[in-house]
Amino acid sequence: MRVPTTALECLSGRRCRALVCAWLALGHTSSAFAQRWTFEPSIEAQATLTNNATYDTGSRREADLIFNVLPAVSFSRVGPRLQINGAASLNIIGYADGTQTSRILPQANVLANLEAIDRLFYIEAELLTNQEVLNPFLAQSDTDSTFNKYTYTQARIAPYLQGRFGSDWRYLVRTDNSYTYTSQSDTPLSDAYYGRHVAEIVRVATPLGGSFRLQSDVTRFSDEAESDQHLEVALATVNYAFTPQFSVGLRGGYERSNYTTDEESGPIYGAELAWLPNARTRLAGFWESRFFGPSYQVGFSNRQRRFATDISVSRSVTTYPQLILQLPATGNVSGLLNAILIARFPDAVERARQVQDLIARQALPSSLPGAVNIFSRSVNVQTSGLATFALIGLRNTLALNLFYLKTDQLPDAAIPTTFITFNNNIQRGGSLSLNHRLSPVMTLNASVARRETRGFDQSSGNVTDQNSLEVQATRQLTPRSQAFIGARYQQQDSSSSFSRDSNEAAIFVGFARRL
């Protein structure tokens, strides 16, 4: 069994080196401020015996023993001007019989914010590294597998000016510049740049308010001969607060883009609403008429002492690197747990530590499976719906995620899609995770999931359904270490031209320790 020694080849290149220099600059400025660093390293090891490592059918099925070692570290720094929060890990995956490629899969989520000039000039930097599914019609493997995956890394630097005029006016001038690198894929993919540049002035509704915003979006792929993809928007809003908790408004403006073969330009008009009946409940959203049809975004959230809900629906035009920059984690269980614990742990650092303790102690998933974003050089129109719920009881913890995602190539797109056979699709499904505390040191976790993927237009005829069940028992050995054992079963029914009916059964055992 051979395990590769190179883990971060996706972090090469002049742009990324410049971003690393920016990170170092942020770090060196910390010597001028009071420091409060916290680190928590951990390590996890797992062995999985599967009867179908290739997710194939009939005589093509191949069993294998898969080994995972996952060293990780989470860290934070809180100072008067510099805040850093992050986590990083390396998922080292090795196949004993070589049925799949052994790889080191890097994962990172690091965010830093520097107040360079008091209450005026700020610099925000972010690094994201993770794995994404390449083909939504193929089996979507667990974290202990490299099947049907590629790695993306996005580095972002965002200097901005932000301030106030009096008590009711505020302004923002900001430029977000992100560089996305793809690697560890059997199919060559492109690197990309995405930038969003914004100038905005806002008057708080007291009771009359409004805003004016200029925005320019730029997307560029490294191997494209075509020109950059641009979208320019000028948008004004006028809103009225009937009460401090309820306001409505109108939106209007103008936009221009070269996303299609013939440049599009035209008016924008719509409406918006915000309702905050109390500190724990929020409903806000807008609807607009745009060059690609209706565009909307509505979100509802509610936090109780032991229960949290997040529901959102949206429709927008987007590019692939923009998706990585803007979309939140699917089925973000850790985010809901964080919201539930706000009242009990007001300090953000301590609250984050409590969330990680709860997830580790009860073997909870930090996120639940959801829809996947398709790599594409073309511009897509995405319609999505997501509902996530979390409940913390005395001995039971429940997390539920429901999702819907329709990806449709923009008609007459100037740049064709990368994978024409599976770009246009509808994904829907859900997952449920239930944890029961058998004793102070023993927990039992069961999760079920279903995913349906349907192609349309150029992808018509491709249909895949995937069901999975997993059960895991975890025993706490010491306050900072635990052992676990479990089993899973997955079944896939497919009429896709590049996928077959298949099933997989596996058992696994592992050990985790926070150092």
message: Tell me the residue from Y122, Y150, Y194, Y171 that is in contact (Cβ under 8 Å) with a residue 12 or more places away in the chain, touching a Pro at 6+ places or on another chain (Cβ under 6 Å) and not polar (S, T, N, Q), please.
response: Y194
statement: Selection from segment 396-447 of residues over 25 Å from S468 (Cβ atoms) and touching a Lys or Arg at 6+ places or on another chain (Cβ under 8 Å) yields I415, P416, T417, T418, V441
Elements of type strands (runs of 3 or more DSSP E) contained in segment 280-384, each with 2 or more residues being within 20 Å of the chain's Cα centre (by Cα) and either hydrophobic (A, V, I, L, M, F, W, C) or modelled with pLDDT under 90 (or both): 293-303, 307-318
message: Cβ contacts < 8 Å: first residue under 26 Å from T260 (Cα atoms), restricted to segment 374-390; second residue basic (K, R) and surrounded by 24 or more Cβ atoms within 10 Å (Cβ to Cβ), any location; separation 6+ or different chain. Result?
response: none
task: Consider L172 carefully, then state whether it is surrounded by fewer than 18 Cβ atoms within 10 Å (Cβ to Cβ) and more than 26 Å from the chain's Cα centre (by Cα).
output: no
task: For D142, work out the one condition from (1) touching a Phe, Trp or Tyr at 6+ places or on another chain (Cβ under 7 Å); (2) not in a strand (DSSP E or B) it doesn't fulfil.
output: (1)
query: For segment 214-224, does any single residue satisfy the condition of being within 29 Å of R119 (Cβ to Cβ), in contact with a helix residue (DSSP H, G or I) (Cβ under 8 Å, 6 or more places away or on another chain) and touching a residue at least 24 places away in the same chain (Cβ under 8 Å)?
result: yes
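Regarding segment 493-505, can at least one residue be identified that is under 30 Å from P41 (Cβ atoms), among the hydrophobic types (A, V, I, L, M, F, W, C) and modelled with pLDDT of 90 or more?
Taking every residue of segment 493-505 in turn, none turns out to be under 30 Å from P41 (Cβ atoms), among the hydrophobic types (A, V, I, L, M, F, W, C) and modelled with pLDDT of 90 or more.
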task: Tell me, yes or no, whether segment 81-97 has at least one residue that is part of a loop (DSSP other than H, G, I, E, B), over 18 Å from F147 (Cβ atoms) and free of Cβ contacts under 8 Å to residues at least 60 places away in the same chain.
output: yes
- prompt: Which one of these does S178 not meet: (1) surrounded by fewer than 16 Cβ atoms within 10 Å (Cβ to Cβ); (2) in contact with a helix residue (DSSP H, G or I) (Cβ under 7 Å, 6 or more places away or on another chain)?
  reply: (1)
field: Near pairs, Cβ below 6 angstrom, 6+ apart or cross-chain, from segment 306-323 (under 12 Å from V381 (Cα atoms)) to any residue that is modelled with pLDDT under 90 and of a type outside the set (D, E)
entry: Y320/F375; Y320/S376; L323/N373
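The values are calculated or read from the model by the stated rules, or taken from the named source; none is laboratory data. The structure presented is a predicted model; accordingly, all values stated were derived computationally and were not measured. Counting neighbours? That spans all protein chains shown, and the Cβs are built from the backbone with ideal geometry, glycine included.
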